[in-house]
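Worksheet: the structure to be examined is printed underneath.
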Amino acid sequence: MNNLRPRIIPTLLMENNRLVKTVKFKNPNYIGDPINAVKIFNDKEVDELIFLDIGCSKKHTSINYSLLDKIASQSFMPLCYGGGIKSFEEASKIFELGFEKISLNSILFEKPNLLTELSQSYGSQSIVASVDVKKNLFSKLKVYDGSKNNSINEKIVDYVKNLENLGAGELLINSVDLEGTYKGYNISLINELSNILTIPLIALGGASSTEDFKKALQAGASACAAGSLFVYYGANKAVLINYPTDFIDEL
(Lines give C-alpha, C1' and ligand atoms only; values in the text may rest on other atoms or scores of the structure.)
Protein backbone atom coordinates (compact mmCIF):
# COMPACT_ATOMS: atom_id res chain seq x y z
CA MET A 1 0.00 0.00 0.00
CA ASN A 2 1.15 3.51 -0.78
CA ASN A 3 1.64 5.34 2.51
CA LEU A 4 1.67 8.70 0.73
CA ARG A 5 -1.95 8.52 -0.33
CA PRO A 6 -4.65 10.36 1.66
CA ARG A 7 -6.18 8.64 4.67
CA ILE A 8 -9.41 6.72 4.09
CA ILE A 9 -11.10 6.10 7.44
CA PRO A 10 -13.93 3.68 8.23
CA THR A 11 -16.30 5.28 10.72
CA LEU A 12 -18.22 2.84 12.88
CA LEU A 13 -21.31 3.73 14.88
CA MET A 14 -22.05 2.01 18.18
CA GLU A 15 -25.22 1.77 20.23
CA ASN A 16 -25.76 -0.52 23.21
CA ASN A 17 -22.30 -2.07 22.65
CA ARG A 18 -23.21 -3.12 19.10
CA LEU A 19 -22.27 -1.78 15.70
CA VAL A 20 -25.13 -0.07 13.90
CA LYS A 21 -25.59 1.99 10.75
CA THR A 22 -28.00 4.85 10.31
CA VAL A 23 -29.38 6.86 7.39
CA LYS A 24 -29.58 10.60 8.01
CA PHE A 25 -28.95 9.82 11.70
CA LYS A 26 -32.13 7.72 11.91
CA ASN A 27 -33.20 4.06 12.10
CA PRO A 28 -30.04 2.34 13.36
CA ASN A 29 -29.55 -1.03 11.69
CA TYR A 30 -27.60 -3.76 13.49
CA ILE A 31 -24.29 -4.49 11.75
CA GLY A 32 -22.31 -6.71 14.09
CA ASP A 33 -19.77 -6.90 16.87
CA PRO A 34 -17.19 -4.09 17.29
CA ILE A 35 -14.35 -6.46 18.19
CA ASN A 36 -14.94 -8.61 15.13
CA ALA A 37 -14.90 -5.51 12.93
CA VAL A 38 -11.58 -4.40 14.45
CA LYS A 39 -10.02 -7.77 13.69
CA ILE A 40 -11.18 -7.62 10.07
CA PHE A 41 -9.90 -4.09 9.61
CA ASN A 42 -6.57 -5.14 11.15
CA ASP A 43 -6.20 -7.71 8.39
CA LYS A 44 -7.11 -5.08 5.78
CA GLU A 45 -4.36 -2.72 7.04
CA VAL A 46 -6.78 0.16 7.46
CA ASP A 47 -5.32 3.66 7.97
CA GLU A 48 -7.27 4.31 11.18
CA LEU A 49 -10.71 3.76 12.67
CA ILE A 50 -13.24 6.17 14.12
CA PHE A 51 -15.75 4.83 16.65
CA LEU A 52 -18.72 7.05 17.43
CA ASP A 53 -21.08 5.88 20.18
CA ILE A 54 -24.43 7.38 19.22
CA GLY A 55 -26.06 5.90 22.31
CA CYS A 56 -23.78 7.96 24.54
CA SER A 57 -24.26 11.03 22.40
CA LYS A 58 -28.02 11.02 21.99
CA LYS A 59 -29.38 8.87 24.81
CA HIS A 60 -26.80 10.04 27.32
CA THR A 61 -25.78 6.53 28.32
CA SER A 62 -22.45 6.03 30.07
CA ILE A 63 -19.23 5.44 28.16
CA ASN A 64 -18.42 1.72 28.15
CA TYR A 65 -14.73 1.84 29.06
CA SER A 66 -14.57 -1.95 29.26
CA LEU A 67 -15.60 -2.27 25.62
CA LEU A 68 -13.20 0.49 24.58
CA ASP A 69 -10.40 -1.31 26.41
CA LYS A 70 -11.15 -4.48 24.43
CA ILE A 71 -11.25 -2.55 21.17
CA ALA A 72 -7.92 -0.87 21.88
CA SER A 73 -6.27 -4.12 22.93
CA GLN A 74 -7.29 -5.79 19.65
CA SER A 75 -6.46 -2.94 17.30
CA PHE A 76 -3.24 -2.64 15.31
CA MET A 77 -4.24 0.72 13.84
CA PRO A 78 -4.76 4.23 15.25
CA LEU A 79 -8.14 4.72 16.90
CA CYS A 80 -10.38 7.71 17.48
CA TYR A 81 -13.37 7.63 19.83
CA GLY A 82 -16.28 10.03 20.14
CA GLY A 83 -19.54 9.90 22.06
CA GLY A 84 -20.57 11.09 25.49
CA ILE A 85 -17.26 12.69 26.47
CA LYS A 86 -18.19 15.46 28.88
CA SER A 87 -15.08 16.03 30.97
CA PHE A 88 -11.29 16.13 30.96
CA GLU A 89 -11.24 13.03 33.16
CA GLU A 90 -13.38 11.00 30.77
CA ALA A 91 -11.19 11.96 27.83
CA SER A 92 -8.04 11.14 29.78
CA LYS A 93 -9.34 7.68 30.59
CA ILE A 94 -9.95 6.99 26.90
CA PHE A 95 -6.40 8.05 26.06
CA GLU A 96 -5.10 5.80 28.84
CA LEU A 97 -6.92 2.84 27.28
CA GLY A 98 -4.87 3.29 24.12
CA PHE A 99 -6.94 5.49 21.82
CA GLU A 100 -4.75 7.96 19.92
CA LYS A 101 -7.51 10.51 19.33
CA ILE A 102 -10.81 11.64 20.77
CA SER A 103 -13.64 13.34 18.94
CA LEU A 104 -15.67 16.07 20.62
CA ASN A 105 -19.01 17.24 19.29
CA SER A 106 -22.09 18.26 21.28
CA ILE A 107 -20.15 19.02 24.46
CA LEU A 108 -18.44 21.88 22.62
CA PHE A 109 -21.69 23.84 22.57
CA GLU A 110 -21.61 23.87 26.36
CA LYS A 111 -17.93 23.60 27.24
CA PRO A 112 -15.78 24.84 24.35
CA ASN A 113 -12.82 25.35 26.68
CA LEU A 114 -12.63 21.57 27.17
CA LEU A 115 -11.17 21.47 23.67
CA THR A 116 -8.41 23.87 24.69
CA GLU A 117 -7.62 22.03 27.93
CA LEU A 118 -7.29 18.68 26.18
CA SER A 119 -5.31 20.13 23.29
CA GLN A 120 -2.82 21.72 25.66
CA SER A 121 -2.42 18.50 27.65
CA TYR A 122 -2.38 15.88 24.90
CA GLY A 123 -1.45 17.87 21.81
CA SER A 124 -3.78 19.23 19.17
CA GLN A 125 -3.05 16.24 16.91
CA SER A 126 -5.02 14.09 19.40
CA ILE A 127 -8.17 16.21 19.37
CA VAL A 128 -10.76 16.00 16.58
CA ALA A 129 -13.55 18.57 16.59
CA SER A 130 -16.61 16.93 15.04
CA VAL A 131 -19.27 19.12 13.44
CA ASP A 132 -22.60 17.91 12.08
CA VAL A 133 -24.38 20.07 9.54
CA LYS A 134 -28.00 19.79 8.44
CA LYS A 135 -30.48 21.79 6.40
CA ASN A 136 -33.14 23.55 8.42
CA LEU A 137 -36.81 24.01 7.48
CA PHE A 138 -35.77 26.76 5.06
CA SER A 139 -33.16 24.49 3.39
CA LYS A 140 -30.33 26.52 4.84
CA LEU A 141 -27.32 24.54 6.02
CA LYS A 142 -26.69 24.99 9.75
CA VAL A 143 -24.53 23.51 12.49
CA TYR A 144 -26.62 20.75 14.04
CA ASP A 145 -26.65 19.56 17.66
CA GLY A 146 -27.70 15.92 17.48
CA SER A 147 -27.96 15.57 21.25
CA LYS A 148 -30.77 18.13 21.33
CA ASN A 149 -32.03 17.73 17.76
CA ASN A 150 -31.72 21.41 16.93
CA SER A 151 -29.53 23.81 14.99
CA ILE A 152 -27.48 26.73 16.22
CA ASN A 153 -27.56 30.20 14.69
CA GLU A 154 -23.82 30.76 14.32
CA LYS A 155 -22.47 30.64 10.78
CA ILE A 156 -20.76 27.35 9.95
CA VAL A 157 -17.55 29.07 8.84
CA ASP A 158 -17.37 31.08 12.06
CA TYR A 159 -18.09 28.04 14.21
CA VAL A 160 -15.43 25.80 12.67
CA LYS A 161 -12.81 28.57 12.64
CA ASN A 162 -13.43 29.09 16.34
CA LEU A 163 -12.88 25.37 16.98
CA GLU A 164 -9.55 25.62 15.20
CA ASN A 165 -8.61 28.62 17.32
CA LEU A 166 -9.60 26.73 20.48
CA GLY A 167 -7.03 24.04 19.68
CA ALA A 168 -8.62 21.39 17.46
CA GLY A 169 -6.05 19.43 15.49
CA GLU A 170 -8.51 18.13 12.92
CA LEU A 171 -12.07 18.91 11.89
CA LEU A 172 -14.51 16.11 11.07
CA ILE A 173 -17.41 17.52 9.06
CA ASN A 174 -20.47 15.28 8.72
CA SER A 175 -23.45 16.09 6.50
CA VAL A 176 -26.56 14.69 8.21
CA ASP A 177 -28.73 14.93 5.09
CA LEU A 178 -26.25 12.79 3.14
CA GLU A 179 -25.27 10.28 5.82
CA GLY A 180 -25.96 6.72 4.65
CA THR A 181 -27.45 7.85 1.32
CA TYR A 182 -24.54 7.10 -1.07
CA LYS A 183 -25.20 10.49 -2.72
CA GLY A 184 -21.66 11.77 -2.32
CA TYR A 185 -20.09 14.32 -0.02
CA ASN A 186 -21.14 17.96 0.26
CA ILE A 187 -18.37 19.15 -2.04
CA SER A 188 -19.20 22.86 -1.92
CA LEU A 189 -19.06 22.86 1.88
CA ILE A 190 -15.76 20.97 1.90
CA ASN A 191 -14.32 23.51 -0.50
CA GLU A 192 -15.58 26.45 1.52
CA LEU A 193 -14.26 25.16 4.84
CA SER A 194 -10.91 23.97 3.52
CA ASN A 195 -10.23 27.49 2.27
CA ILE A 196 -10.54 29.01 5.74
CA LEU A 197 -8.95 26.25 7.84
CA THR A 198 -5.27 25.47 8.34
CA ILE A 199 -5.95 22.16 10.15
CA PRO A 200 -6.81 18.93 8.29
CA LEU A 201 -10.44 18.51 7.25
CA ILE A 202 -12.01 15.02 7.31
CA ALA A 203 -15.08 14.63 5.09
CA LEU A 204 -17.90 12.33 6.22
CA GLY A 205 -21.41 11.61 4.99
CA GLY A 206 -22.54 10.21 1.65
CA ALA A 207 -19.54 8.39 0.15
CA SER A 208 -20.35 5.65 -2.34
CA SER A 209 -17.15 5.16 -4.35
CA THR A 210 -13.54 6.07 -4.98
CA GLU A 211 -14.82 8.88 -7.18
CA ASP A 212 -16.49 10.47 -4.16
CA PHE A 213 -13.19 10.30 -2.29
CA LYS A 214 -11.39 11.93 -5.22
CA LYS A 215 -13.93 14.75 -5.44
CA ALA A 216 -13.68 15.47 -1.71
CA LEU A 217 -9.89 15.46 -1.80
CA GLN A 218 -9.83 17.73 -4.84
CA ALA A 219 -12.20 20.09 -3.00
CA GLY A 220 -9.71 20.38 -0.14
CA ALA A 221 -10.38 17.51 2.27
CA SER A 222 -7.25 16.05 3.84
CA ALA A 223 -8.91 12.70 4.56
CA CYS A 224 -12.16 10.91 3.76
CA ALA A 225 -14.27 8.97 6.24
CA ALA A 226 -17.17 6.67 5.38
CA GLY A 227 -19.54 4.25 7.06
CA SER A 228 -21.95 2.43 4.74
CA LEU A 229 -19.27 1.87 2.12
CA PHE A 230 -17.29 -0.28 4.56
CA VAL A 231 -20.08 -2.20 6.28
CA TYR A 232 -22.42 -2.99 3.40
CA TYR A 233 -21.89 -4.76 0.09
CA GLY A 234 -23.94 -4.68 -3.07
CA ALA A 235 -27.25 -3.12 -4.06
CA ASN A 236 -29.13 -5.06 -1.38
CA LYS A 237 -26.85 -3.78 1.37
CA ALA A 238 -25.70 -7.15 2.63
CA VAL A 239 -23.72 -6.68 5.83
CA LEU A 240 -20.05 -7.22 5.02
CA ILE A 241 -17.17 -5.52 6.81
CA ASN A 242 -14.80 -4.64 3.99
CA TYR A 243 -11.98 -2.34 2.93
CA PRO A 244 -10.97 -3.13 -0.65
CA THR A 245 -7.37 -1.95 -0.81
CA ASP A 246 -7.13 -2.09 -4.59
CA PHE A 247 -10.11 0.24 -4.80
CA ILE A 248 -8.54 2.56 -2.18
CA ASP A 249 -5.10 2.53 -3.82
CA GLU A 250 -6.54 4.16 -6.93
CA LEU A 251 -6.37 7.48 -5.07
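Roughly how many whole Å is it from the C-alpha centroid of the stretch 96-128 to that of the stretch 156-173?
A separation of 12 Å, based on Cα centres.
If you count, for each residue, the other Cβ atoms within 10 Å and average over each peptide, how do 115-126, 59-70, 40-51 line up from highest to lowest?
Order by mean packing, descending: 40-51, 115-126, 59-70.
Solvent-accessible area per residue for the chain at a 1.4 Å probe radius, Å²?
Heavy-atom SASA per residue in the chain reads 45 Å².
Order of 158-165, 179-186 by packing, highest average Cβ count within 10 Å first?
The packing order, highest mean first, is 179-186, 158-165.
Rounded to the nearest 5, what % of DSSP beta bridges with both residues in the chain are antiparallel?
Rounded to the nearest five, the antiparallel share is 35 percent.
Over what distance in Å are the Cα centres of the stretch 7-32 and the stretch 209-251 separated?
If you average the Cα positions of each part, the centres end up 15 Å apart.
Leaving out ligands, DNA and RNA, what percent of the accessible area of the chain is carbon and sulfur, probe 1.4 Å?
47 percent
Please compute P(r) over all alpha-carbon pairs of the stretch 74-213, binned at 10 Å starting from zero, and give each bin as a whole-number percent.
The calculated distribution, bin by bin, is 11, 42, 35, 11, 0.
At a threshold of 8 angstrom on Cα-Cα distance, excluding pairs fewer than six apart, so keeping six or more, what relative contact order does the stretch 3-161 reach in percent?
Relative CO of the stretch 3-161 lands at 15 percent.
The values are calculated or read from the model by the stated rules, or taken from the named source; none is laboratory data. The structure displayed is predicted, hence computed values, not measured ones. Cβ: placed from backbone, ideal geometry, glycine included. Neighbour counts: every protein chain shown. These area figures cover heavy atoms from the full protein model, side chains too; ligands, DNA and RNA do not enter into them. Shrake-Rupley method; radii C 1.70, N 1.55, O 1.52, S 1.80 Å.
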